[in-house]
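The values are calculated or read from the model by the stated rules, or taken from the named source; none is laboratory data. All values reported here derive from a predicted model rather than from experimental measurement. Cβ placement follows ideal geometry from the backbone for every residue including glycine, while neighbour counts extend to all protein chains displayed. These accessible areas exclude ligands, DNA and RNA; they are computed on the full protein's heavy atoms, side chains included. Shrake-Rupley method; radii C 1.70, N 1.55, O 1.52, S 1.80 Å.
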Amino acid sequence: MLVRIVGLGPGDPALLTLGSLEALRAVGRAVTLLAPPDLTKFLTENGIEIRRDLVDDPALLVRGSTEEITRFADRLAALRQAQDDKGALRQAQDDKGVLRQGQGDKGVLRQAQDDKGVLRQAQDDKGEGQVDGRVLRQAQDDNALVMLSLSKHGDDALALGVLGNPLSDFPGLPPLLRALEARGIATHIVPGMPRATLSAAITMPLVPLPPASAHHSWDDLIEIMARLRQTCPWDREQTHRTLVPYLIEETYEVVEAIENDDRAGLCEELGDLLLQIVFHAQLGTETGAFSVADVVDALSNKMIRRHPHVFGDAVIEDVDAQWKNWEQLKSQEATGRKRKSRLDGIPRHLGALQRGQRMQEKAARVGFDWPNVQQIVDKLAEELGELAEARRAKQDDAHVREELGDVIFTLVNLSRGLGIDAEAAMREANEKFYKRFHFMEQRAAEAGKALTDMSLDELEELWQQAKIQAA
């Protein structure tokens with residue numbers, strides 16, 4: 001028995017190589033693993049019988065499941081044995097060129113008799129047995145014509161169609177070859193166009209994926225995203241702009257998981273954030289602007305370029321020297337050359353506290369900084385005095401807001417001087433207040449009261465309890 005393992009390409013009938021198609025036609029019947037409906041239809045239209053009874057779980061077979069491979073190989077061995085028991089027809093031609101069909105020890109051929117008469121096998125002046133590689137033509141009398149069709153390789157051949165190139169995209173190939181060899185089943189591999197490399201994913205992304213329970217790869221994720229864009233109504237409607245709120249939300253959920261020390265949650269949230277990146281890359285692919293491969297290339301090149309002390313022979317003594325080198329390298333890049341200020345690289349939509357601290361950090365790298373923390377504290381006192389003066393003078397709200405902004409900006413500077421992230425400190429303060437206020441609500445409810453019905457002294461008492469018990 002021969003099993004011809006044929007590469008089906010990425011899944012689009014147009015990308016099925018001529019060699020693969022001819023190999024499948026030569027056999028005439030095939031098991032196709034995870035082939036999409038359009039490809040299966042194309043193969044059927046080309047005269048290839050699709051067998052669906054030999055493999056239970058195509059995804060597991062592709063991934064190299066020992067149980068699935070063993071079951072498949074055993075079924076092929078049983079199929080071969082059943083054919084042997086029935087006596088497969090053998091073609092042979094004697095010295096005189098007469099085609100005989102032999103069966104059994106004596107090689108006696110018995111032909112079924114149809115409604116028109118008995119089929120006579122003979123070679124005379126009217127006909128001669130011939131084999132054209134596909135069809136066996138028997139000599140017929142003037143009243144009857146019978147054709148007996150055989151595949152080139154007989155009933156012993158089967159094709160196994162695998163998406164992509166079997167040599168690179170079929171993890172289960174080595175154990176399958178070993179299993180078939182152990183059962184005396186011959187194999188022949190026909191390569192195909194590789195499946196779902198980054199570039200192939202752009203060409204033909206809609207490749208059927210393994211079941212949800214299987215482990216997936218980066219290439220699978222690219223294919224999933226492409227499929228969502230093609231078939232999910234919500235995903236089809238999205239643009240770069242409409243996805244911005246989700247990108248921000250997923251980023252903060254990652255931050256929350258980190259600050260809550262939630263490892264399992266962090267894994268999930270990082271996946272959600274990665275989906276946003278892949279989503280935007282898919283949109284870029286569809287418009288021809290860039291692909292996910294371009295994103296990966298740009299990032300990799302940037303990291304290598306900005307770390308000459310890691311990927312080159314540069315020597316950097318400490319973190320401060322690395323920062324200076326980093327800023328210098330950035331200024332030499334295309335985006336850096338377009339910037340009018342060192343501060344232009346900081347996103348304007350960044351959180352106000354975080355943006356303020358980033359600007360202060362960049363300014364400090366050129367020497368514009370307070371010599372010590374005490375001077376920042378003194379500056380804070382000065383700014384608070386100016387805020388108080390603005391309020392006493394009953395100046396307009398714009399000026400009071402300006403002075404308050406100066407106070408907050410100085411507080412951010414103080415945070416930086418103390419080595420504390422201002423944004424993170426504010427988030428922690430918010431969370432602390434939330435816990436304490438929620439404690440007050442619970443205690444009030446247990447007493448059958450609402451906070452709005454309690455006096456200021458009662459609220460203060462609850463607050464002091466919260467500081468101790470809900471810290």
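Points worth noting:
- Matching residues, region 278-302, being loosely packed, with under 13 Cβ neighbours inside 10 Å, in a helix (DSSP H, G or I) and either touching a Leu at 6+ places or on another chain (Cβ under 9 Å) or of a type in the set (Ser, Thr, Tyr) (or both): THR287, SER300
- Test: residue in region 393-413 that is of a type in the set (Ser, Thr, Tyr) and surrounded by 15 or more Cβ atoms within 10 Å (Cβ to Cβ): yes
- A residue that is assigned to a loop (DSSP other than H, G, I, E, B) and touching a Gly at 6+ places or on another chain (Cβ under 8 Å) occurs nowhere in region 252-274.
- Pair list, Cβ under 9 Å, 6 or more apart: region 385-406 residue hydrophobic (A, V, I, L, M, F, W, C), other residue open to solvent by 70 Å² or more (accessible area, probe 1.4 Å): LEU387/LEU404; ALA390/GLU402; ALA390/LEU404; VAL400/ARG391
- Exactly one residue out of GLY351, GLY345 is within 45 Å of the chain's Cα centre (by Cα) and under 23 Å from HIS399 (Cα atoms), and it is GLY351.
- Region 417-439: number of residues that are farther than 16 Å from ALA352 by Cβ, of a type in the set (A, V, I, L, M, F, W, C) and open to solvent by less than 90 Å² (accessible area, probe 1.4 Å): 3
- Selection over region 178-191 of residues that are open to solvent by 50 Å² or more (accessible area, probe 1.4 Å) and either among the charged types (D, E, K, R) or not in a strand (DSSP E or B) (or both) gives a count of 6.
- Yes/no for THR251 being in contact with a Ser or Thr (Cβ under 8 Å, 6 or more places away or on another chain) and not small (Gly, Ala, Ser): no
- Of all residue pairs spaced 6 or more apart or on separate chains, those with beta-carbon atoms under 9 Å, a first member in region 171-194 that is within 17 Å of LEU33 (Cα to Cα) and touching a residue at least 40 places away in the same chain (Cβ under 8 Å) and a second member that is open to solvent by 40 Å² or more (accessible area, probe 1.4 Å) and of a type in the set (Asp, Glu) are THR187/GLU181; VAL190/GLU22.
- On the stretch given as region 307-342, residues that are β-branched (Val, Ile, Thr) and under 34 Å from the mean Cα position of the chain (by Cα) total 2.
- Selection of region 432-471 for residues being within 25 Å of GLU256 (Cβ to Cβ) and free of Cβ contacts under 8 Å to residues at least 24 places away in the same chain yields PHE433, TYR434, GLU441, GLN442.
- Every listed requirement among (1) more than 28 Å from LEU247 (Cβ to Cβ); (2) touching a Gly at 6+ places or on another chain (Cβ under 9 Å); (3) of a type in the set (A, V, I, L, M) is met by VAL412 save one, (1).
- The residues of region 330-366 that are under 14 Å from ALA422 (Cβ atoms) and not in a loop (DSSP other than H, G, I, E, B), listed by number, are ALA352, LEU353, GLN354, ARG355, GLY356, GLN357, ARG358, MET359, GLN360, GLU361.
- Residue that is farthest from GLU361 (Cα to Cα) [pool: residues in region 421-463 that are assigned to a helix (DSSP H, G or I) and hydroxyl-bearing (Ser, Thr, Tyr)]: THR452
- Single residue of region 322-349 satisfying the filter (in contact with a Lys or Arg (Cβ under 7 Å, 6 or more places away or on another chain) and modelled with pLDDT of 80 or more) that is surrounded by the fewest Cβ atoms within 10 Å (Cβ to Cβ): LEU343
- Counting only strands (runs of 3 or more DSSP E) wholly contained in region 1-100, the ones carrying 3 or more residues that are open to solvent by less than 20 Å² (accessible area, probe 1.4 Å) and modelled with pLDDT of 90 or more occupy 2-7, 29-33.
- ASP369 vs. criteria in a helix (DSSP H, G or I), without any contact (Cβ under 8 Å) to a residue 60 or more places away in the chain, over 44 Å from the mean Cα position of the chain (by Cα) and surrounded by fewer than 17 Cβ atoms within 10 Å (Cβ to Cβ): no
- Counted residues, region 242-271 - those being open to solvent by less than 50 Å² (accessible area, probe 1.4 Å) and under 22 Å from the mean Cα position of the chain (by Cα): 7
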